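Notes for the one structure printed next.
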Amino acid sequence: MAVDFNEIQTLSLLAAGITLITMGMVYALGTLLNNPRFTVWVKTEIFQVFVSVVIVFVILFAIGLIGLDPDADFKITGNWLILLSPGAEEYIDEYDTVFEVDKKYLESLAGFDYNALTGARASMGMYDEFSKYTKQPCQPGWLFCMFGANGVSIRPLSGAIAPMQGMNLLMYTTTVSYLTVLIQLAFLKFIKSGLIAVYLPFAIVLRSLPFMRQFGGGLLAICLSLFLVYPTLLFVEAAFWNPESIVDDYETSREEVADVSNNELDDRTVYGIGSFAHPGEWSFSKTIDSLKHVIKLCSAAFIVSTFLFTVNILAAAAAARAFGRIMGADVDISRMAQII
Amino acid sequence: MKKMLMLLLLLPLCFAADGDMEWLTFALIAAFSAFGILVVLYLFSYLVDSRQMRLVATGELYQVGAAMLLIVLFVALQANFDTIISGPLSGTFSTEDFEPTSLIGAAKSVSNGISEYQWEELKKLNNKVAVPLGSMASLSATCSFLGTTFTAPGCIGIQVPSSSITFAMNAMVSSLLVQNSQIMLLNLAQNFFFPVLFPLGIFLRCFQFSRGAGGFLMAIAVAFYFVYPAAILVTKGMVDMVEMPDPSYPSISAPTEEMDWASFEVEGDCNPFDLNPYYTTRQVNNVLDPDMIDPILYYFFVGGLFTTMINIIVALSTVRGLSSLLGAEVDVSALARIS
């Protein structure tokens, strides 16, 4: 839903003008009837009209600042990020707006989580496969199993079920992290189109009405914190998003997990049937060594995707509470963290 | 009196050690930017002749002053904390290869050490217990002739202790995951929370409408930079106070690839042809060996999972307290749920 912010500006000024005219008429009526209630009420409401107009202009300025209004003269762009952190130019363009930077950051994060998830899933699949390898007897060998299998059969790597269950936990945790990032991407889309286009004008109108002022103020506080504070925090995080600063020896871990995901392991052996089968090596040492790196990446994915998201929501909730107090309403959106 | 207080606060700066204070530049820029904006607002109040606006701007300027005091306080804290308070702590946790020079460095060293130790024990449990038990449990004797097959899974009972080891490994992996998450949090605290969120919090705290968010961000930065590493060191010290030996793994003799598979004699602790329940009992006794179980339970459940939970709870309690002090009322239970 495209929003013409110039129209909002014009409509707001028109609404303020009509309200002022109405207030003027009520004031005249109050003076005529010599009723101080009317005149005092008018003085209060005129002040609120100016406050509402100021709020509208501040909000429109903020909307332009974060890049939602393409005609805005002054906006924060990716260039600011690149100045703060030169490493950010690897995935951010200097002309990207705040929302575009947030989107790219979350997509990069989703890619990181997806790699960790793929590593965990591939490891899990490998352990599952190892646990099912069976050495089936065929005695005596000169019969070539013509009369069926005879002897002792074994699944030599059946113990791989134990680390496989551990991988289950890693997969679950990383899936939650990955889905949390995808939720944030969808949330960002909602803020950009739904919240700004529908809730914000609605909140401004409600705030202007005397009997709905508190509700409108609360809604306005929620809108401001979610479209101003939350994307700004993501914008700041985007500047310093660098897996190498979070994961020690990140390149080694990434390569090890990529090896696992691409199934390029030397120690995987396939067991043939019969007594002439090549036994291969009864171990999965390289896979178990890669488990350490999978755990590292899954931990990083969890902390960055889930923990930081919660911090962002709580910061936005604190801002909403502060905004709400100024507007005369008590707002608490910290329960949004239960999305996780 | 006020001047004396100011001088006292600035005195520790004389003993400031060389340290990485990138955050200081950003914090000063943030504070001076806020100061500039409020000065403009104050001057504007004269233009529109608004006493109320002047009062608001004056009040907010005092908050900027408070923010500058906070910067001074944390400069002193960061400079001196590492030399005075962390010195004895990190001296306790120094190793031959590494001597930590800061509180967060000591905490990272300790967490890495715990993680490496847990990883080695997990590999040993896997190689010495899980894999042999699993392979033994899968042994079965098969005899077939002209379509009739008789299979005797004589060692199937060993699946019982084998599944217990599976559960144990699950818990060990979760302990490793938690330890690594702790290391990631420390890296985040060092590279992002303090250098970035703290100055951002100072800036936001200077204005009334963003004081809550600013206070919360400052609280997060301080709690995870100072309190969280201290909690890690203290809980490690508590764990080390108990004398617990390293786990001792039983010797389990499982069939190997070198065995003569052509014969029906199975080498190892279980022969499926015998159908002897003693084989299961022996492996159950191996798994329940207190020399293995007690240390594993202690180092993974207490030293791994429990202490990590304590550390995060201490940090979050600090966040809650500091947030209230700095002007934010935030319910941080959502962060505690992650633990």
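From (1) open to solvent by less than 20 Å² (accessible area, probe 1.4 Å); (2) more than 14 Å from chain B (Cβ to nearest Cβ); (3) closer than 16 Å to A:E107 by Cα, pick out the condition that doesn't hold for A:K189. All conditions are met except number (1). Being in a helix (DSSP H, G or I) and touching a residue at least 24 places away in the same chain (Cβ under 8 Å) is true of B:E121.
All conditions in (1) at the interface with chain A (Cβ under 7 Å from one of its Cβ atoms); (2) at pLDDT below 85; (3) open to solvent by 10 Å² or more (accessible area, probe 1.4 Å) hold for B:S138, with the sole exception of (2). Of the residues making up region A:22-50, those that are closer than 15 Å to A:L209 by Cα and either open to solvent by less than 40 Å² (accessible area, probe 1.4 Å) or in contact (Cβ under 8 Å) with a residue 40 or more places away in the chain (or both) are A:M23, A:V42, A:E45, A:Q48, A:V49.
Restricting A:V247, A:V260 to those that are farther than 22 Å from A:I66 by Cβ and either free of Cβ contacts under 8 Å to residues at least 24 places away in the same chain or over 23 Å from the mean Cα position of the chain (by Cα) (or both) reduces the list to A:V260. For the structure I just gave you, tell me whether A:V311 is open to solvent by less than 10 Å² (accessible area, probe 1.4 Å), within 12 Å of the chain's Cα centre (by Cα) and within 15 Å of A:Y230 (Cα to Cα). Taking the combined requirement at face value, the residue satisfies it.
Per-residue answers, yes or no, for (1) assigned to a helix (DSSP H, G or I); (2) closer than 29 Å to B:S111 by Cβ; (3) open to solvent by less than 50 Å² (accessible area, probe 1.4 Å):
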{"site": "B:E267", "(1), (2), (3)": "no, no, no"}
{"site": "B:N271", "(1), (2), (3)": "no, no, yes"}
{"site": "B:N276", "(1), (2), (3)": "no, no, no"}
{"site": "B:T281", "(1), (2), (3)": "yes, no, no"}
{"site": "B:N285", "(1), (2), (3)": "yes, no, no"}
{"site": "B:D291", "(1), (2), (3)": "yes, yes, no"}
{"site": "B:I296", "(1), (2), (3)": "yes, yes, yes"}
{"site": "B:F300", "(1), (2), (3)": "yes, yes, yes"}
{"site": "B:L305", "(1), (2), (3)": "yes, yes, yes"}
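In region B:141-161, of all residues being of a type in the set (S, T, N, Q) and facing chain A (nearest Cβ under 7 Å), the one that is most open to solvent (accessible area, probe 1.4 Å) corresponds to B:T149.
Look at region B:177-192: where a residue is at the interface with chain A (Cβ under 7 Å from one of its Cβ atoms) and a partner is of a type in the set (D, E, K, R), sitting 6+ places away or on another chain with Cβ atoms under 6 Å, you get B:N180/A:K296. Identify the residue in region A:161-177 that is closer than 27 Å to B:A254 by Cα and within 7 Å of chain B (Cβ to nearest Cβ) and, among all such residues, is nearest to the chain's Cα centre (by Cα). That would be A:G166. Restricting attention to region B:307-336 and to residues that are crowded, with 20+ Cβ neighbours inside 10 Å and assigned to a loop (DSSP other than H, G, I, E, B), the residue that is modelled with the highest pLDDT turns out to be B:G327. Residue-level check: of (1) open to solvent by less than 80 Å² (accessible area, probe 1.4 Å); (2) at pLDDT 80 or above, A:Y114 misses just (1). Among the residues of region B:195-215, is there at least one that is touching a Pro at 6+ places or on another chain (Cβ under 7 Å) and either more than 7 Å from chain A (Cβ to nearest Cβ) or free of Cβ contacts under 8 Å to residues at least 60 places away in the same chain (or both)? No, region B:195-215 has no match at all. Consider A:I295 carefully, then state whether it is modelled with pLDDT of 90 or more, in a helix (DSSP H, G or I) and facing chain B (nearest Cβ under 10 Å). The answer is yes for A:I295.
Residue count for region B:111-127 satisfying the condition of being at pLDDT 90 or above, open to solvent by 10 Å² or more (accessible area, probe 1.4 Å) and either more than 11 Å from chain A (Cβ to nearest Cβ) or out of contact with any helix residue (DSSP H, G or I) (no Cβ under 6 Å at 6 or more places or on another chain) (or both): 8.
The values are calculated or read from the model by the stated rules, or taken from the named source; none is laboratory data. Note that the structure is predicted; figures quoted are calculated from it, not measured. Note that each Cβ is placed from the backbone with ideal geometry, even for glycine, and that neighbours are counted across all protein chains shown. Surface areas here come from the heavy atoms of the whole protein model, side chains and all, with no ligands, DNA or RNA. Shrake-Rupley method; radii C 1.70, N 1.55, O 1.52, S 1.80 Å.
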